[in-house]
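Chemist: Have a look at this one before I ask anything.
Just so it is clear, none of the values below were taken in a lab; they were calculated from the coordinates. Note that the coordinates shown come from a computational prediction; the quantities given were computed from them, not determined experimentally. Neighbour counts are summed over all protein chains in view; Cβ atoms, including those assigned to glycine, are modelled from backbone coordinates with ideal geometry.
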Amino acid sequence: MRKLFFTFIGLFIGIGGQSSQPHLYQASGIRVGISSYAMHIEASKKFNIPVLENSKVINRYIRTGKLVSVPISGKGYRLHRLNYSQACLVPKAKAILQEMAKKFQVSTRGNVLTVTSLTRSLKDQCRLRKINSNAAIGISSHNYGNSFDISYIRFNRQLKPNLKLEVDLEKLLRSYKKAGKIYYIKERKQSCYHITVRNY
Ligand SMILES: [Zn+2]
């Protein structure tokens with residue numbers, strides 16, 4: 001009976017906790033639980049960079065080296081047209097992106113990934129929300145400089161789904177997650193993997 005009581009209380013707190021807070025994130029046509037996305041935000045905070053308000057602030061962080069520019073293309077990746085983000089990341093996230101892209105290219109014998117989003121200022125986030133109701137509501141881990149998106153329908157500079165490459169990409173992401181280096185979420189609406197690098 002005692003056990004049943006606590007189970008009931010736990011269930012109540014669980015439901016209450018979910019409904020009392022807005023979902024920070026909605027992706028994949030299904031809602032990603034707050035605890036899942038909260039892990040991304042927690043990982044972002046570990047880099048000691050506050051939420052980046054606008055491009056002026058982002059440029060200031062670039063000047064001090066806390067954010068670094070990401071070249072438009074490199075071994076195993078290229079940047080898609082960026083309308084709502086800037087081509088920069090914290091150094092560790094840039095290193096992970098480049099490392100994963102290189103591995104992807106080697107393991108798939110020459111294929112190239114497409115990065116569709118990098119660091120977003122709060123201002124970018126608001127603009128994005130106006131055209132995409134599925135964009136993160138409130139703070140996104142993109143606002144801290146340690147998240148980026150990789151498309152799973154664009155490979156080798158063209159929009160062309162490729163199930164084999166998608167599986168290869170997810171396999172790579174899974175190994176990095178298992179190693180404690182990243183978190184990732186599959187965003188079905190955006191057809192990309194949202195990847196957050198941890199400050200391990
Ligand atoms: Zn994302």
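Chemist: What length, rounded to one decimal in nm, is gained on full extension from residue 188 through to residue 53, with 0.36 nm per residue of separation minus their alpha-carbon distance?
Modeler: So the chain would gain 45.9 nm between residue 188 and residue 53.
Chemist: Within region 147-166, which residues have the backbone N less than 19 Å from the label spot 7 Å out from residue 178 along Cα→beta-carbon, could you tell me?
Modeler: Inside the label zone: 165-166.
Chemist: Under a Cβ-Cβ cut-off of 13 Å, what is the net charge of the residues other than residue 123 that fall near it, where Lys and Arg count +1 and Asp and Glu count -1?
Modeler: +3
Chemist: Does a label point 7 Å from the Cα of residue 42, set along Cα-to-beta-carbon, have any residues of region 145-184 with amide nitrogen under 15 Å, and which are they?
Modeler: Only 180-184 fall inside the zone, counting backbone N under 15 Å.
Chemist: Which order, highest average first, do 187-193, 68-74 follow once you tally other Cβ atoms within 10 Å for each residue and take the mean per peptide?
Modeler: 187-193, 68-74
Chemist: In addition: What area, in nm² and to one decimal, does the C-alpha convex hull of region 38-197 cast on average over all directions?
Modeler: If I average the Cα hull's projected area over directions, I get 8.5 nm².
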